[in-house]
Structures are given as C-alpha cells and as structure tokens.
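Engineer: Mind having a look at this structure? Questions to follow.
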C-alpha cells in the first residue's frame, strides 16, 4: 500500500534532479499537479531537514543531505552485481560471449565474463588486463573520456601491433575514436585476437562519466551475420545498466 505523501516527496526529488537551477513552489506544484499548499508544506519540511535547499529567489534545489546520501549509495554500489542479470540476458539473446570491464590506470581490467554455449577461446578472462587501444572495451573508454585525458593516456602508451589489424598510427586511431564517440559504440575487428570480432558500448554513472564498458565478442563471420542486432542489444543493455546505477539518459 502506497503512502501519498511519501510518493509526492519522491516525485519532488525526481523533478528537482532534472532541474539543477531550482524551481519555485508554484513551478513544482504545476509540474507535478500537486496542490500548492501541500507542496509548500512538504518543501518546508524537507528543507528544514536538509534534503532541499532554498535560495534567495525562492527556488528549491536538491539539498546537501540528499547529495550525501546519493554519494554514499554510489560508493556502496557494486556495478558487477547490478550488471550481471542484464549481461546474462544479453548473452542469451545473441548467444555469444559477453564481457564487462573497467579502467585501471592505462589498461583495461575485466570484471565479468558470461560464456555462451558456443563461446570461443579467448585470452580475456575475469581479472585479466588488456591494452586500451586495440580492444573494443578499451576503445570505448578512450572514445568517451575527455580529449585531455585521452591525450595523456595515448602520450604514455606505445601502440604495439598485437595482430596484423591492430591500429598503430595514433592519428588514425584518434579519427576512429571520434567516429565511435558519435555513434555510441566501438568495434574491435581482429585487432587484439585473430578471428575475434567485438562490439562494445559504455556504461555511464550518475555523474554522466563512463564507469564501465560492456561487449559482445565472437567469431567474425558469425558476428557480422547478426551485427545490426548485436549493436542494438549492446546499446540497449548498456543503457539499462547505466540507468540502474543512477545515470539519467
């Protein structure tokens, strides 16, 4: 059984999270179709408790206490646990190996690997590290970080050829990363392992920054046969995981 006042409080929090410049009581009540008097009482209570703040223009914003609670929630959130059910569904839908990885300094670290019944052999395993520039997951991080951060990383690493298809020209790599940043996903076309084709996409946190990357990998011929579907499902899954960890897309 829902409690109306509690529901209204949550709706106010949600509304103000989308309006960082703040809203007046009238604007809040009109947006949510609440009576202005009860909206005023709720806002006053939340402000006195530190969950909302009120500025000189009589606009309400998310308060310091709520920000602190949100920060603590993020610190206690295990992205692997949140992502695993989504990744399992992704694997079942495409019947290829699914990965999740995070960034550790200048390398990729695998957090999860979900095998399918027809998984192929790969050197990528949970806990293993890989270069950023020649993996779909790694290029996802490079494509979705600031230009300054990306330049610092590329300045420090050597673009060593892992396979015949590894991109070792920095200018060519940066052009490709720019294109990937526009389409929202990246591809590893046998650049790290011969015969392996990978489609990857970013997972964003509440701060709108990339926190992880997910991918589907399989034999090139099999992946190309269902590429459009794989891309669609990878993007859909990355969006769901992002929303699950607080990113409002």
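The values are calculated or read from the model by the stated rules, or taken from the named source; none is laboratory data. On a predicted model such as this, the values are computed, not experimentally measured, just so you know. Every residue, glycine as well, gets a Cβ built from its backbone with ideal geometry; the counts of neighbours run over all protein chains shown.
Engineer: Can you tell me which residue in the stretch 138-156 is modelled with the lowest pLDDT, limited to those that are in contact with a strand residue (DSSP E or B) (Cβ under 7 Å, 6 or more places away or on another chain) and in a loop (DSSP other than H, G, I, E, B)?
Structural biologist: Ranking the qualifying residues of the stretch 138-156, first place goes to 145.
Engineer: Collect the residues in the stretch 70-84 that are at pLDDT below 80 and surrounded by 13 or more Cβ atoms within 10 Å (Cβ to Cβ), keeping them in residue-number order.
Structural biologist: Residues satisfying the conditions are 70, 74, 77.
Engineer: Now for a different question. Hey, among 16, 112, 87, 46, which residue is crowded, with 17+ Cβ neighbours inside 10 Å, in a strand (DSSP E or B) and in contact (Cβ under 8 Å) with a residue 12 or more places away in the chain?
Structural biologist: 112
Engineer: Residue 202 passes all but one of (1) farther than 22 Å from residue 145 by Cβ; (2) modelled with pLDDT of 95 or more; (3) crowded, with 24+ Cβ neighbours inside 10 Å; which number fails?
Structural biologist: Just one mismatch for residue 202, condition (1).
Engineer: Related question: Could you please let me know if residue 136 is crowded, with 20+ Cβ neighbours inside 10 Å, farther than 18 Å from residue 79 by Cβ, out of contact with any helix residue (DSSP H, G or I) (no Cβ under 9 Å at 6 or more places or on another chain) and touching a residue at least 24 places away in the same chain (Cβ under 8 Å)?
Structural biologist: It is true that residue 136 is crowded, with 20+ Cβ neighbours inside 10 Å, farther than 18 Å from residue 79 by Cβ, out of contact with any helix residue (DSSP H, G or I) (no Cβ under 9 Å at 6 or more places or on another chain) and touching a residue at least 24 places away in the same chain (Cβ under 8 Å).
Engineer: Are any residues in the stretch 210-225 surrounded by fewer than 17 Cβ atoms within 10 Å (Cβ to Cβ) and either touching a residue at least 40 places away in the same chain (Cβ under 8 Å) or outside the structural domain of residue 99 (by TED's automatic domain parsing) (or both), and if so, which ones? Outline the logic, then answer.
Structural biologist: Step one: list which residues in the stretch 210-225 are surrounded by fewer than 17 Cβ atoms within 10 Å (Cβ to Cβ), which gives 219-222, 224-225.
Within the stretch 210-225, 219, 222 meet the criteria.
Yes/no per residue for (1) in a loop (DSSP other than H, G, I, E, B); (2) out of contact with any helix residue (DSSP H, G or I) (no Cβ under 9 Å at 6 or more places or on another chain):
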| site | (1), (2) |
| --- | --- |
| 116 | yes, no |
| 162 | yes, yes |
| 171 | no, yes |
| 174 | no, no |
| 208 | yes, yes |
